[in-house]
DNA sequence: CATCAGGGCCCTG
DNA sequence: CAGGGCCCTGAT
């Protein structure tokens, strides 16, 4: 059952500067899952990140190592596979990785437009070169967003683990043991009862629907990337179990729409109330207006900088009001 | 012990 | 457009 993967391809990536690998691959606000692993820099290595991939329904491994600096970035990429991969296949995967971690976008206009904002300036300095990204495919990310619904972090973590143990593939590469996620076909035939036994609750129905939709090839991720925000939103809302909160995450993380902040969920509402107004609870409309006023079309990216910075700070010293909200 | 809300969404009226 | 139901879990 355990799949050993060996290194089959290496490449040196040069993302568009400024680029911060650590802040891009590792988001301290995200819940931990045994599909990825991050390690800060050591004497022998730059910061490293491992992640399982599912490529054409086959489990692969990925390692990214920081081999440069913010203004002259270099990333050493290694691909791991059960057998050899063709050169063209490797190139396609590398292109996909570049996309997922948003490596080619020019951040200069963002820095120019928002750099003077007193709230953002210190944070922008600390995390300069951070990108938004989603390390998984659209299908993988949708599952994550569904597991986040109506659940606390602890429960989300449990559900994710249960699904990976039941439907995922344990893989080992580069001395790391992770799970690779499952192709939609794997779950499509599964009856809901089987899923319910994994204690995902009403999400069983959602997961079944999503799997069937993806397995039948009704979702074109490439096409979504090319759509306008409104078009993409309309398409994504057609997916069963996907509503405004999930679409909000999707537009930003998966489709990299830096302006995708027209909705705020209750949990984030409390956090942005503190960050922007130093108040406990401010109406979402006011939050959105304020971000528009400050950052315009960069508002979600800017908000993301503040958000992640808060969670980095939390590591050094607990933020009392935040601890209450997280309830691990 | 019971009751309830939670990092939503669907469906009904 | 409002509001009940949905699963499970931990808090009260």
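For residue A:130, indicate whether it is within 16 Å of DNA strand C (Cβ to nearest atom) and touching a helix residue (DSSP H, G or I) at 6+ places or on another chain (Cβ under 9 Å). Outline the logic, then answer.
On the way: within 16 Å of DNA strand C (Cβ to nearest atom): no; touching a helix residue (DSSP H, G or I) at 6+ places or on another chain (Cβ under 9 Å): yes.
It is false that residue A:130 is within 16 Å of DNA strand C (Cβ to nearest atom) and touching a helix residue (DSSP H, G or I) at 6+ places or on another chain (Cβ under 9 Å).
Check segment A:145-157 and report whether any residue there is crowded, with 19+ Cβ neighbours inside 10 Å, touching a residue at least 60 places away in the same chain (Cβ under 8 Å), outside the structural domain of residue A:24 (by TED's automatic domain parsing) and away from DNA strand C (no atom under 14 Å from the Cβ).
Yes, there is a match, as at least one residue in segment A:145-157 is crowded, with 19+ Cβ neighbours inside 10 Å, touching a residue at least 60 places away in the same chain (Cβ under 8 Å), outside the structural domain of residue A:24 (by TED's automatic domain parsing) and away from DNA strand C (no atom under 14 Å from the Cβ).
Out of all the residues in segment A:46-58, is one or more more than 24 Å from residue A:252 (Cβ to Cβ), surrounded by fewer than 20 Cβ atoms within 10 Å (Cβ to Cβ), in contact with a strand residue (DSSP E or B) (Cβ under 8 Å, 6 or more places away or on another chain) and not assigned by TED's automatic domain parsing to the domain that holds residue A:250?
yes
What tally of residues in segment A:168-203 results from selecting those that are within 16 Å of DNA strand C (Cβ to nearest atom) and either assigned to a strand (DSSP E or B) or touching a residue at least 40 places away in the same chain (Cβ under 8 Å) (or both)? First the steps, then the outcome.
The first filter runs over segment A:168-203 and keeps only residues within 16 Å of DNA strand C (Cβ to nearest atom), leaving A:190-203.
If we keep only those that are either assigned to a strand (DSSP E or B) or touching a residue at least 40 places away in the same chain (Cβ under 8 Å) (or both) as well, we get A:199-200, A:203.
Adding up the residues that qualify gives 3.
With A:315, A:299, A:294 as the choices, which residue is part of a helix (DSSP H, G or I) and over 27 Å from residue A:136 (Cβ atoms)?
On the way: A:315 fails: over 27 Å from residue A:136 (Cβ atoms); A:299 fails: over 27 Å from residue A:136 (Cβ atoms).
From the options A:315, A:299, A:294, the qualifying one is A:294.
Kindly evaluate residue A:72 against the criterion of being modelled with pLDDT of 95 or more and at positive phi.
Values: modelled with pLDDT of 95 or more: yes; at positive phi: no.
Considered against the rule, which asks whether it is modelled with pLDDT of 95 or more and at positive phi, residue A:72 comes out as no.
Take the conditions in contact with a helix residue (DSSP H, G or I) (Cβ under 9 Å, 6 or more places away or on another chain), modelled with pLDDT of 90 or more, on the phi > 0 side of the Ramachandran plot and assigned by TED's automatic domain parsing to the domain that holds residue A:236 and apply them to residue A:201. Does it pass?
Details: in contact with a helix residue (DSSP H, G or I) (Cβ under 9 Å, 6 or more places away or on another chain): yes; modelled with pLDDT of 90 or more: yes; on the phi > 0 side of the Ramachandran plot: yes; assigned by TED's automatic domain parsing to the domain that holds residue A:236: yes.
It is true that residue A:201 is in contact with a helix residue (DSSP H, G or I) (Cβ under 9 Å, 6 or more places away or on another chain), modelled with pLDDT of 90 or more, on the phi > 0 side of the Ramachandran plot and assigned by TED's automatic domain parsing to the domain that holds residue A:236.
Considering only residues that are touching a residue at least 60 places away in the same chain (Cβ under 8 Å) and part of a helix (DSSP H, G or I), which ones fall in segment A:112-134?
Step one: list which residues in segment A:112-134 are touching a residue at least 60 places away in the same chain (Cβ under 8 Å), which gives A:113-114, A:117, A:119-120, A:123-124, A:126-134.
Of everything in segment A:112-134, those that are touching a residue at least 60 places away in the same chain (Cβ under 8 Å) and part of a helix (DSSP H, G or I) turn out to be A:113, A:114, A:123, A:124, A:126.
State whether the residues of segment A:278-298 include one that is in contact (Cβ under 8 Å) with a residue 12 or more places away in the chain and within 21 Å of residue A:144 (Cβ to Cβ).
So far as segment A:278-298 goes, no, none of its residues is in contact (Cβ under 8 Å) with a residue 12 or more places away in the chain and within 21 Å of residue A:144 (Cβ to Cβ).
Check every one of the helices (runs of 4 or more DSSP H) wholly within segment A:204-269 and list those with 2 or more residues that are more than 10 Å from DNA strand B (Cβ to nearest atom) and touching a helix residue (DSSP H, G or I) at 6+ places or on another chain (Cβ under 9 Å).
On the way: elements: A:221-226, A:229-237, A:244-249.
Fully inside segment A:204-269 and qualifying: A:221-226, A:229-237.
Can you tell me how many residues in segment A:84-108 are over 23 Å from the mean Cα position of the chain (by Cα) and loosely packed, with under 13 Cβ neighbours inside 10 Å?
4
The values are calculated or read from the model by the stated rules, or taken from the named source; none is laboratory data. The model shown is predicted, which means the values in this text are computed figures rather than measured ones. Glycine gets a Cβ as well: all are built from the backbone with ideal geometry, and neighbour counts include every protein chain shown.
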